[in-house]
Amino acid sequence: MKHLRQKQEIFCLKYFEGATATEAMIAAGYSPKYATQNTNHVLSIPVVQERLKELRQKTEDETVMNVLERKQRLSEIARAIIPDFVGDDGIKVTKGTPNVAAVEEITTKTKIYRKGGDPVIITNLKLHNPIPAIQELNKMGGDYSEQPVGNTYNIGAMQVNIGDPKEKLISAISRLAARGPEIQVIAEP
């Protein structure tokens, strides 16, 4: 496999740090005059693509939730109902309880009556609202997209204005594509 040139390595590092492709090109020492029009070429070079992929993989870690784990957690919140947590002996929440991610709060208080008798333990269970979880799952699955404000769309936590110059749009789409497979860019004619 070919090795990266020094300019390509600097480009990859700057781009990965969040610079636009044009900014990364200029920081790497490419001519500012041609930086914008050459970004697609540099981004299409196999060793550059491989280096960007390597940088993404280095930031991924077993302690960070992947897309599937995030969807599973959101699904737990969306699916949970109170009977999941109520048994013959009252409310019980353990690590193995189905949909345990949905539990927002458990409070317990003891009530003592004046006329004697045994104290009563009252346990309250509050679940997360499932609507935000369902909305987030819809966004992740592409089941709906937020309405644009004017010509600006929110795509993958990035604002893209379709009225921007072509070079700026290409740069934004390239940055989205470089983030990995969980961001899908679909161009319509």
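The values are calculated or read from the model by the stated rules, or taken from the named source; none is laboratory data. Predicted model, so just to flag it, every value in this text is computed and none were measured. We place every Cβ from the backbone using ideal geometry, glycine too, and count neighbours over all the protein chains shown.
Points worth noting:
- Residue check for Leu43: under 30 Å from Ile131 (Cβ atoms), within 26 Å of the chain's Cα centre (by Cα), part of a helix (DSSP H, G or I) and hydrophobic (A, V, I, L, M, F, W, C): no
- Region 83-101, subset within 35 Å of the chain's Cα centre (by Cα) and assigned to a loop (DSSP other than H, G, I, E, B), residue farthest from Met65 (Cα to Cα): Lys92
- Restricted to region 103-120, and to residues there that are without any contact (Cβ under 8 Å) to a residue 24 or more places away in the chain and hydrophobic (A, V, I, L, M, F, W, C), the residue that is nearest to Ile82 (Cα to Cα) is Ile106.
Here is a yes/no grid of residues against (1) farther than 22 Å from Lys58 by Cβ; (2) touching a Lys or Arg at 6+ places or on another chain (Cβ under 7 Å); (3) not assigned by TED's automatic domain parsing to the domain that holds Ile170:
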{"site": "Ile10", "(1), (2), (3)": "no, no, no"}
{"site": "Lys14", "(1), (2), (3)": "no, no, no"}
{"site": "Ala24", "(1), (2), (3)": "no, yes, no"}
{"site": "Ala27", "(1), (2), (3)": "no, yes, no"}
{"site": "Tyr30", "(1), (2), (3)": "yes, yes, no"}
{"site": "Lys33", "(1), (2), (3)": "yes, no, no"}
{"site": "Val42", "(1), (2), (3)": "no, no, no"}
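- Against the test of being in contact with a strand residue (DSSP E or B) (Cβ under 7 Å, 6 or more places away or on another chain) and either acidic (Asp, Glu) or in a helix (DSSP H, G or I) (or both), the options Glu69, Glu76, Glu104, Glu54 yield a single qualifying residue, Glu104.
- Failed criterion for Thr36 (all others in (1) surrounded by fewer than 18 Cβ atoms within 10 Å (Cβ to Cβ); (2) part of a helix (DSSP H, G or I) hold): (1)
- Positions within region 34-85 being of a type in the set (D, E, K, R), farther than 30 Å from Asn124 by Cα and modelled with pLDDT of 85 or more, in sequence order: Glu50, Arg51, Lys53, Glu54
- Look at (1) at pLDDT 85 or above; (2) assigned by TED's automatic domain parsing to the domain that holds Glu23; (3) of a type outside the set (Gly, Ala, Ser) and you find that Thr107 fails only one, number (2).
- The residue pairs whose first member lies in region 46-58 and is within 14 Å of Ser174 (Cβ to Cβ), whose second member is in a helix (DSSP H, G or I) and of a type in the set (Ser, Thr, Tyr), and whose beta carbons are closer than 9 Å, counting only pairs six or more residues apart or on different chains, are Val48/Tyr15; Leu52/Tyr15.
- Among (1) part of a helix (DSSP H, G or I); (2) of a type outside the set (Phe, Trp, Tyr); (3) modelled with pLDDT under 85 - the single one Gly117 does not satisfy: (1)
- Checked against the criterion of being surrounded by fewer than 17 Cβ atoms within 10 Å (Cβ to Cβ), in contact with a helix residue (DSSP H, G or I) (Cβ under 9 Å, 6 or more places away or on another chain) and acidic (Asp, Glu), the candidates Glu50, Glu17 yield just one match: Glu17.
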